[in-house]
Amino acid sequence: AQSVTQPDIHITVSEGASLELRCNYSYGATPYLFWYVQSPGQGLQLLLKYFSGDTLVQGIKGFEAEFKRSQSSFNLRKPSVHWSDAAEYFCAVGVGDMRFGAGTRLTVKP
Amino acid sequence: EAQVTQNPRYLITVTGKKLTVTCSQNMNHEYMSWYRQDPGLGLRQIYYSMNVEVTDKGDVPEGYKVSRKEKRNFPLILESPSPNQTSLYFCASSLYGQPMNTEAFFGQGTRLTVV
């Protein structure tokens with residue numbers, strides 16, 4: 001079945017530590033891939049997107065993501081997390097439509 | 001400023017009382033959609049519209065209606081709301097529809113409670 005999976009419902013990291021949020025998709029072709037962030041009480045904001053070309057994409061707020069076709073993954077990373085990064089993160093794929101994962105809530109410890 | 005505007009932001013209503021949540025975008029986008037967000041389920045699409053007078057069901061359309069009479073507006077209508085429609089609703093728009101290869105812009109959300 002076609003799906004977008006974010007295996008981690010909730011992740012806690014210490015401020016300054018590195019971060020990786022996982023995203024796997026199950027579609028026949030390589031879809032368009034997105035990461036969105038939702039801060040408390042806010043709508044979703046695009047962090048970065050992958051359409052084609054270089055598999056490592058840079059986004060806003062110091063985030064990057066790497067597309068791995070062999071693993072059907074599009075993991076989001078940040079070398080050093082700031083307290084303001086605490087939010088919910090959604091992976092999404094565009095396959096004629098936009099499909100979202102269930103989200104990963106990030107908590108940042110001081 | 002480019003934006004998607006939803007109203008109201010918060011709404012408490014009673015079962016069966018018809019309501020409309022408005023959505024308006026000022027970016028001349030063709031594609032608009034409605035999502036509901038529930039804990040552990042992420043965002044699920046309710047309805048979408050590829051252009052004026054063109055609408056189609058998403059994954060969870062039951063109990064909802066939409067219309068697209070103008071390009072900028074895409075209201076969500078609950079004819080007879082029920083408690084299971086208590087949720088956080090988002091409207092989104094993007095320049096092109098299918099394939100979905102352009103950024104979606106989201107409204108601030110409408111938190112609906114049906115009692």
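The values are calculated or read from the model by the stated rules, or taken from the named source; none is laboratory data. Being a predicted model, the structure only gives us computed values, none of them experimental. FYI the Cβ positions are ideal-geometry reconstructions off the backbone, even for glycines, and counts take in every protein chain you see.
Tallying residues that are more than 14 Å from chain B (Cβ to nearest Cβ), touching a residue at least 60 places away in the same chain (Cβ under 8 Å) and of a type in the set (A, V, I, L, M, F, W, C) within segment A:83-106 yields 2.
For segment A:36-67, taking the residues that are of a type in the set (Asp, Glu) and modelled with pLDDT of 95 or more, the one that is farthest from A:VAL4 (Cα to Cα) is identified as A:GLU64.
Restricting the search to strands (runs of 3 or more DSSP E) fully inside segment B:1-44 and requiring at least 1 residues that are under 18 Å from A:LEU46 (Cβ atoms) gives B:4-7, B:19-25, B:31-38. Number of residues in segment A:83-110 that are assigned to a loop (DSSP other than H, G, I, E, B) and within 11 Å of A:TRP35 (Cα to Cα): the value is 2.
Please determine, by comparing only the residues of segment A:32-79 that are under 30 Å from B:THR110 (Cβ atoms), touching a strand residue (DSSP E or B) at 6+ places or on another chain (Cβ under 8 Å) and among the small types (Gly, Ala, Ser), which one is surrounded by the fewest Cβ atoms within 10 Å (Cβ to Cβ). That would be A:SER39. Residues in segment B:62-112 that are more than 9 Å from chain A (Cβ to nearest Cβ), part of a strand (DSSP E or B) and aliphatic (A, V, I, L, M): B:VAL66, B:LEU76, B:ILE77, B:LEU78, B:LEU88, B:LEU112. Scanning segment B:37-56 for residues that are touching a residue at least 40 places away in the same chain (Cβ under 8 Å) and within 11 Å of chain A (Cβ to nearest Cβ) turns up B:GLN37, B:ASP38, B:LEU43, B:TYR48, B:MET50. Taking residues in segment B:80-97 that are closer than 17 Å to B:TYR47 by Cβ and at pLDDT below 95, and partners anywhere that are outside any strand (DSSP E or B) and among the β-branched types (Val, Ile, Thr), the pairs with Cβ atoms closer than 9 Å and at least 6 places apart or on different chains are B:SER94/B:THR102.
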